[in-house]
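Here's the structure we're looking at; comments come further down.
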Amino acid sequence: MQLQVFLLALVAVLPHVLAQSPIFGQCVPTAVTTTTATTTKTTSTTSKTTSSTTKTSTTKSSTTPTKSSTTTTKSTTTTSASGTAACTVTAIAQVSSATASCTSIVISNLAVPSATTLNLSKLKAGTTVTFEGKTTFAFTDWDSDLIDIGGEDITIQGAAGHIIDGNGQAWWDGQGSNGGVTNSHRPDHFITLKSTGTSLLQNLHIQNWPVHCFDITGSSGTTITGLTLDNSAGNAPNAASDGLPAAHNSDGFDVSSSNNMIITSTTVINQDDCVAVTSGNNITVSNMVCNGGHGLSIGSIGGKSNNNVSDVLFTNSVVMNSQNGARIKTNSGTTGTVTNIEWSNIQLSNISMYGIDIQQDYLNGGPTGTPTNGVIINGITMSNITGTAASDAQNYFILCGSGSCSNFDFVNVAITGGKNDSCNFTPTEGNFKCT
């Protein structure tokens, strides 16, 4: 009985004893509080890191659904380190959303379907478009363009190993834009370009275009550099070309109504003009390799909406295995002006028709043989134009209309190998002789 009383008394006082204990007393909460504070600080830091991680995760998370849910309607969108929106286009249906919302666009292994234009004509100012992988085009019986490009301060470029293939074999029949039997219609041009501001096309590899690779109209301040245009597959005849090269009218660059442009450091392998400037001013073409076509040309001039071209320089280039070297062609019975045009440091080899060709009787179907004088040609300089023509070619052919040619200056012009030169106008300056 006494023991029971003792135990009850002990139970009554034990909480008070424990409350004063150095192990279970006030020090423990203090220590825990300190630890908790430290833990809280650490947790806060961890929380900050976690928050950052969560932010990154959120960005990734929001991108993934976009990619999966918009394969056919929207481009995949990511954010670059600089904060610029970047869109990757893998299907034609994604193009419009990409051009409307992004300033960095990647065209990746895109197959453009029949009767469809790859429309990049309304790029936002400052947009960069990069082609990667292989871009292809399905055959269609129509006369539209296959790629339209336009914008201000834009950059169009190719990633390493990319190819833009125009599927020209589907249209080639030896006739080009002159008719043909393969189909009733074909693309007008492979690529149209209308760029302003300070725009740049660089490092593109383009092959097998149907007709006329680049149509550059209404452009200014644009530089084109480091391109390879390879239409060599069109040199061989096919079943529809009647023994002629299958590709025809395959101009590399057709430039009109454009100014302050540079085309440089580019290789063109084709069956027509390497570069043809039909109107515009302040255009420089340099460091070109032109193989298999019709040379570095002005024209044809006349009979178009703009028939004036001035201040064009072709320089430091090679023209080989081509029909012509340096060329001016004006259309018979038309009017216009050709002023201040220069070719300098041009090396020719294996020219099959004319080393230098200036003719004012031109028609697309063939020259008339009778020059007209409605297009005035004034201020033509040829300097350091050297090389060889084939034995059945002519080194020089100049056929001017009555009184329509003036101020030709030919210095150090020496083309050999051809025969029967023909000139009805002799340059007034320089040491040139047409024999």
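The values are calculated or read from the model by the stated rules, or taken from the named source; none is laboratory data. In this text, all values refer to a predicted model and were calculated from it rather than measured experimentally. In this analysis, Cβ positions are derived from the backbone assuming ideal geometry, glycine residues included, and neighbour counts consider all displayed protein chains.
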**Study point:** Complete set of residues in region 103-128 that are within 14 Å of the chain's Cα centre (by Cα) and in a loop (DSSP other than H, G, I, E, B)
**Key:** Ser121, Leu123, Thr127
Review point. Residues in region 168-183: is at least one buried (at least 18 other Cβ atoms within 10 Å of the Cβ), of a type outside the set (Phe, Trp, Tyr), touching a strand residue (DSSP E or B) at 6+ places or on another chain (Cβ under 6 Å) and within 18 Å of Leu229 (Cβ to Cβ)?
Key: no
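Of everything in region 129-147, what is part of a strand (DSSP E or B) and either over 16 Å from Gln169 (Cα atoms) or hydrophobic (A, V, I, L, M, F, W, C) (or both)? Give them in sequence order.
Of region 129-147, the ones part of a strand (DSSP E or B) are 129-132, 134-137, 147.
If the condition is that a residue be part of a strand (DSSP E or B) and either over 16 Å from Gln169 (Cα atoms) or hydrophobic (A, V, I, L, M, F, W, C) (or both), then Val129, Thr130, Phe131, Glu132, Lys134, Phe137, Ile147 are the ones that fit.
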Check your understanding: Taking interchain pairs and intrachain pairs at least six residues apart, which have beta carbon atoms under 6 angstrom, with the first residue in region 168-180 and over 18 Å from Ile147 (Cβ atoms) and of a type in the set (Phe, Trp, Tyr) and the second buried (at least 19 other Cβ atoms within 10 Å of the Cβ) and at pLDDT 90 or above?
Key -> Trp172/Gly234; Trp172/Ala246; Trp172/Ala247
Revision key, fill the gap. Checking Ile224, Ile298, Ile283, Ile262 in turn, the sole residue that is closer than 29 Å to Val112 by Cα and among the hydrophobic types (A, V, I, L, M, F, W, C) turns out to be Ile224
Revision key, fill the gap. Of the residues in region 358-385, those that are in a strand (DSSP E or B) and either aliphatic (A, V, I, L, M) or modelled with pLDDT under 95 (or both) number 7
Review point. Assuming Gly401 fulfils every condition listed in (1) touching a residue at least 24 places away in the same chain (Cβ under 8 Å); (2) in a loop (DSSP other than H, G, I, E, B); (3) more than 24 Å from Ser305 (Cβ to Cβ) apart from one, which condition is it?
Key: (3)
Review point. Is there any pair linking a residue in region 191-210 that is surrounded by fewer than 24 Cβ atoms within 10 Å (Cβ to Cβ) to one that is of a type in the set (A, V, I, L, M, F, W, C) and outside any strand (DSSP E or B), with Cβ under 7 Å and at least six apart or on different chains, and which?
Key: Leu204/Leu227
